[in-house]
Amino acid sequence: MVTIRHAEEKDLEGVVELLEEFPADPWIPNVNWQDARKVYPELLKGEKGLIILAIEGQEVAGLVTLSFSCVMRFGGEYALIEDFIVGEKFRGKGIGRPLLEEAFKVAKERGCQEIQVNGASDVGLPVYLKNGFQEAGKHLKAWL
């Protein structure tokens, strides 16, 4: 049975291990997922963002990381899915949907009017589309 909950300090190793499964992205070269350790304590506070986990047994089976940005067009915050992954051995077991449902719930509770995904992977795109997301144009970025 899968439990959906917010991340806790004790989950750090499992979160980093799962992040290491992310497919390589040519648009984001040289990702070092160990850097997640630096921001993990901040995300546990839940102020600027947070981590939602799917736990099966004692393992981190999946996660969604949300960040929150304040924008004038909404008169407040919107949510952005930064990371979304279900571990390879847990895929096809219905774990993605409850993770996204919890992300929607959290965003609504914060008063967000929108939840976005930028640059969905080929694996993630169909999952997002099945769960209420719509394609909405171009995504641009500049490296600093």
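The values are calculated or read from the model by the stated rules, or taken from the named source; none is laboratory data. What you see is a predicted model; the values in this text were computed from it and never measured. Accessible surface is based on the protein model in full, side chains and every heavy atom, while ligands, DNA and RNA are left aside. Shrake-Rupley method; radii C 1.70, N 1.55, O 1.52, S 1.80 Å.
Over 25 Å apart: what share of the alpha carbon pairs of the chain falls there, rounded to a whole percent?
25 percent
At 1.4 Å probe size, with the rest of the protein present, what percent of the exposed accessible area of the stretch 1-109 is carbon and sulfur atoms?
Numbers: 3360 of 6470 Å².
Roughly 52 percent of what the probe reaches on the stretch 1-109 is carbon or sulfur.
Restricting to Cα pairs below 8 Å that are 6+ residues apart, what does the relative contact order work out to for the chain? Please round to a whole percent. Display every interim value, and only then the final one.
On the way: 196 pairs, mean separation 29.8, N = 144.
Answer for the chain is 21 percent.
For the stretch 48-108, what D do you get in µm² per second when you plug the Kirkwood radius from alpha-carbon pairs into Stokes-Einstein at 4 °C and 1.567 mPa s? Spell out each step's value before the answer.
Details: Rh = 12.3 Å.
Stokes-Einstein gives a translational diffusion coefficient of 105 µm²/s.
Would you grab the residues whose amide H sits under 5 Å from the one on A61? Only those 5+ places off in sequence or on another chain, please, with H modelled 1.01 Å from N.
Here the answer is A54, I55, E56, since their amide H atoms fall under 5 Å of that of A61.
What number comes out for accessible area per residue over the chain if the probe is 1.4 Å? Units Å², please. Intermediate results must be reported in sequence, preceding the final value.
Details: 9390 Å² over 144 residues.
On a per-residue basis, the chain sits at 65 Å².
Enter the accessible area of H6 (Å², nearest 10), with the probe set to 1.4 Å and all protein chains included.
80 Å²
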